[in-house]
Amino acid sequence: MRSRWGTTLALGGAILLAAGAATAGTGAVAWAAPETAAAGPAASLETGRYTGAQSVTLTAAPGAEIRYTLDGTMPTRTSTAYSGPIRIERSANLTAIAFTPTTASAPTIRGYLIKTAEQPLAQFAVMSDIHLSSDSPALVKKWEGYFDTLKRIAPHPDAIVSNGDQINDNNHDTAADHRFPRAMLEQNLARTGMTDTDVLVTFGNHDDYVDRMAAQYPKDWFPQLDGKGYYETKLGGFPAFVVNTESWTSAQATWLYGRLSTLSKDPATQGQPIFVFGHRPIPNTVWDGAQTSNPGLKTNLDDFPQVVFFSGHSHLNITDERSIHQDTFTSVNEGSMSYEEIDSMYQAFGAGLAKEHTIPTAQSVLVEVYGDRVEVDRINYAADAGRTYDDAGKWGFQQNPPFRSTGTLAGPTWVIGRGATPAEIKSKFVYTQANRNASAPSWGAEQPTVRQTATGPVLRLPQAADDQFVNDYSLALKDVAAGTTVNLVGANDRLAADYVFTPRPAALDIPLALRGGGKTNQPVTPSPLVAGREYEATLVAYDSYRNASAPRTFRFVAGALDRAALDAAVPKAQELIGTASRVLGDETPAQAADFGFTIADPAAARDRISQLTAQVDAAGAPAGANDAAARAAA
């Protein structure tokens, strides 16, 4: 026996009122409390690294429908419906949401690395820019969560490489802060049972001076040659080099080139990958050369295709496929464990847009060496949606671990082929300029809309689709009657697609107003849109390689009622009214679907029916005819 009609009627009102929020000048306030959102689905398999195909069972509260995706996007009500165990045959992010007719749960996110039964010959994690200059409880908790995640993926890695910028020093006067990353690593390695895991550190621009940094760590963490910040070692038996990119000298260049030449000519090692770690990226490699330096290092490595060079420093995210580059050797950007960056573009900060390049995510790579290949897996340690600055312009993020996205995959595995000789290795390069992705984003059937909210007009943009991801959008606005361009963002400016978040949002809500000067810490300036005027918006979607979609153009009237949302809500509300009225006996005849329902409080139900009917009457009128009444109802 179901007896939820008092609640269900409230939900019907909430549906209609939520749609009415898309009106001029006012937000909606539901007249009855909506149902609590369904709990997120439970997944039978935790995030981690698995051998062979896996089966995942999802469960949710009774009456909820589970929808899921395996491509890293946020599920919607039209996503694949869960009907039984999901077979995961290849690495993927599983995202699931439990829907009721009127609510959606928070997403459940799991990252699954699916590997073959072949055991890697070596396995190591490469992190960069951990920037630890404190042992605050929040940071301790965050890093414990990160190591718990690493343990699920790689319980006993051969090594962890911290590739520069262990601390936040900007003035070469805080070398003692290195005690914080050292303690964090020692405590978490012991806590997670990784006692046999080696630690290697490199020197970065925020690490004070080489000698002062070296004094803070065990000798085997930083066994530098002659106090110069560079050294040779092995990772799982494979040759590895740490270079000092903060002071690239002829002596260091001669040493490195000589050792690489010897290894390249020796039949015992010429087919082995050689791992080189340096804090700063190399020009004309990853991210098209952004934030790079030391062209001499590139010259040093050009003769050795078996080199895989890892760098950090830029904080540029590793979701972007520009984070791997192959030409004369392989370069890999391993991201940052503190915060990440994107191309500078407009992001939404509350009710206004500001131009910003930082994002509140943390990423690194896990490297596995096999007989015929090297696999580089991209791991998210924090990729929940958010901003590095709050709406008041204050820097602060990753405050409440663990995160839903911890341990998810930042992108498909990069596979670097091995060969018997350097020439054979180079012949297997696939991440080259010539092989760059050329597929442009495409638009789906769902159209963009502009709705008026209590804080101003907002563009609801259903995301375009791409074979990798949409990086950003351009937006041009025109006053239809005047034929003039609206000055919101420039022709060369871009709106962030939030592609680094996991899951990627299915739609973006973009305020059509700027913060003063486009800065995060400035108040929102009034929108240039005038209520009652018609505008034409043109959108173009771009991927990170600048492949562009066809333009999508639509028109809207600023401050007008969003009829699409109301028209979708009205039939649902009418169905609720009819069912409840028949159950109460106020209307006849009863229908088969009515049986099994009871109403605990008929008087309260009739009162809600009356209020909801009035709203349906106002909202159901033809567009424009009764907008004032509908706004009043909202």
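The values are calculated or read from the model by the stated rules, or taken from the named source; none is laboratory data. Keep in mind it's a predicted model, so treat the numbers as computed, not measured. Quick reminder, even Gly has a Cβ in these numbers, built from the backbone with ideal geometry, and neighbours come from all protein chains shown.
Against the condition in contact with a helix residue (DSSP H, G or I) (Cβ under 6 Å, 6 or more places away or on another chain) and within 30 Å of Lys151 (Cβ to Cβ), how does Phe222 come out, does it pass?
On the way: in contact with a helix residue (DSSP H, G or I) (Cβ under 6 Å, 6 or more places away or on another chain): yes; within 30 Å of Lys151 (Cβ to Cβ): yes.
Considered against the rule, which asks whether it is in contact with a helix residue (DSSP H, G or I) (Cβ under 6 Å, 6 or more places away or on another chain) and within 30 Å of Lys151 (Cβ to Cβ), Phe222 comes out as yes.
Which residues, taken from segment 486-525, are within 30 Å of Thr408 (Cα to Cα) and either out of contact with any Phe, Trp or Tyr (no Cβ under 7 Å at 6 or more places or on another chain) or among the acidic types (Asp, Glu) (or both)?
Asp498, Val500, Phe501, Thr502, Pro503, Pro505, Ala506, Ala507, Leu508, Asp509, Ile510, Pro511
Which residues, taken from segment 167-218, are assigned to a helix (DSSP H, G or I), closer than 23 Å to Leu366 by Cβ, more than 28 Å from the chain's Cα centre (by Cα) and among the aliphatic types (A, V, I, L, M)?
Ala190
Counting only residues that are under 30 Å from Ala154 (Cβ atoms) and not aliphatic (A, V, I, L, M), which one in segment 352-366 is nearest to the chain's Cα centre (by Cα)?
At the first step, the residues of segment 352-366 found to be under 30 Å from Ala154 (Cβ atoms) are 358-366.
Narrowing the set further to residues that are not aliphatic (A, V, I, L, M) leaves 358, 360-361, 363-364.
Numbers: Thr358: 12, Pro360: 9, Thr361: 7, Gln363: 10, Ser364: 13 Å.
Checked segment 352-366; the qualifying residue nearest to the chain's Cα centre (by Cα) is Thr361.
Conditions (1) modelled with pLDDT under 80; (2) part of a helix (DSSP H, G or I); (3) in contact with a Gly (Cβ under 9 Å, 6 or more places away or on another chain), marked per residue:
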| position | (1), (2), (3) |
| --- | --- |
| Phe556 | no, no, no |
| Ala560 | yes, no, yes |
| Leu566 | yes, yes, yes |
| Ala573 | yes, yes, yes |
| Asp586 | no, no, no |
| Arg608 | no, yes, yes |
| Leu612 | no, yes, yes |
| Asp617 | yes, yes, no |
| Arg631 | yes, yes, yes |
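State the number of residues belonging to segment 166-193 that are over 10 Å from Asp208 (Cβ atoms) and crowded, with 21+ Cβ neighbours inside 10 Å.
4
Any idea which residue in segment 395-442 is surrounded by the fewest Cβ atoms within 10 Å (Cβ to Cβ), counting only those that are without any contact (Cβ under 8 Å) to a residue 24 or more places away in the chain and part of a loop (DSSP other than H, G, I, E, B)?
Of everything passing the filter in segment 395-442, Asn400 is surrounded by the fewest Cβ atoms within 10 Å (Cβ to Cβ).
Conditions first: (1) surrounded by 13 or more Cβ atoms within 10 Å (Cβ to Cβ); (2) farther than 30 Å from Asp390 by Cα; (3) free of Cβ contacts under 8 Å to residues at least 60 places away in the same chain. Ala580 passes all but one, so which condition is the exception?
(3)
Hey, can you tell me all the residues within segment 225-234 that are surrounded by fewer than 23 Cβ atoms within 10 Å (Cβ to Cβ) and modelled with pLDDT of 95 or more? Explain how you work it out, then say what you get.
We begin by selecting, within segment 225-234, every residue surrounded by fewer than 23 Cβ atoms within 10 Å (Cβ to Cβ); these are 225-228, 231-234.
Matches in segment 225-234: Lys228, Tyr231, Glu232, Thr233, Lys234.
Give segment 357-394 a look and list any residue that's of a type in the set (Ser, Thr, Tyr), assigned to a strand (DSSP E or B) and crowded, with 23+ Cβ neighbours inside 10 Å, or say none. If you could, list the steps in order and put the result at the bottom.
Residues of segment 357-394 of a type in the set (Ser, Thr, Tyr): 358, 361, 364, 370, 381, 388-389.
Checking the rest, the ones that are also assigned to a strand (DSSP E or B) come to 358, 364, 381, 389.
Matches in segment 357-394: Ser364, Tyr381.
Before we move on, is Gln166 touching a helix residue (DSSP H, G or I) at 6+ places or on another chain (Cβ under 8 Å), touching a residue at least 40 places away in the same chain (Cβ under 8 Å) and among the polar types (S, T, N, Q)? First the steps, then the outcome.
Values: touching a helix residue (DSSP H, G or I) at 6+ places or on another chain (Cβ under 8 Å): yes; touching a residue at least 40 places away in the same chain (Cβ under 8 Å): yes; among the polar types (S, T, N, Q): yes.
Yes: the conditions hold for Gln166.
Kindly indicate whether any position in segment 346-356 is surrounded by fewer than 23 Cβ atoms within 10 Å (Cβ to Cβ) and without any contact (Cβ under 8 Å) to a residue 60 or more places away in the chain.
No: segment 346-356 contains no residue that is surrounded by fewer than 23 Cβ atoms within 10 Å (Cβ to Cβ) and without any contact (Cβ under 8 Å) to a residue 60 or more places away in the chain.
Suppose the filter is under 23 Å from Met74 (Cα atoms), without any contact (Cβ under 8 Å) to a residue 60 or more places away in the chain and outside any loop (DSSP other than H, G, I, E, B); does Arg460 pass it? Steps first, please.
Details: under 23 Å from Met74 (Cα atoms): yes; without any contact (Cβ under 8 Å) to a residue 60 or more places away in the chain: yes; outside any loop (DSSP other than H, G, I, E, B): yes.
So Arg460 passes the test.
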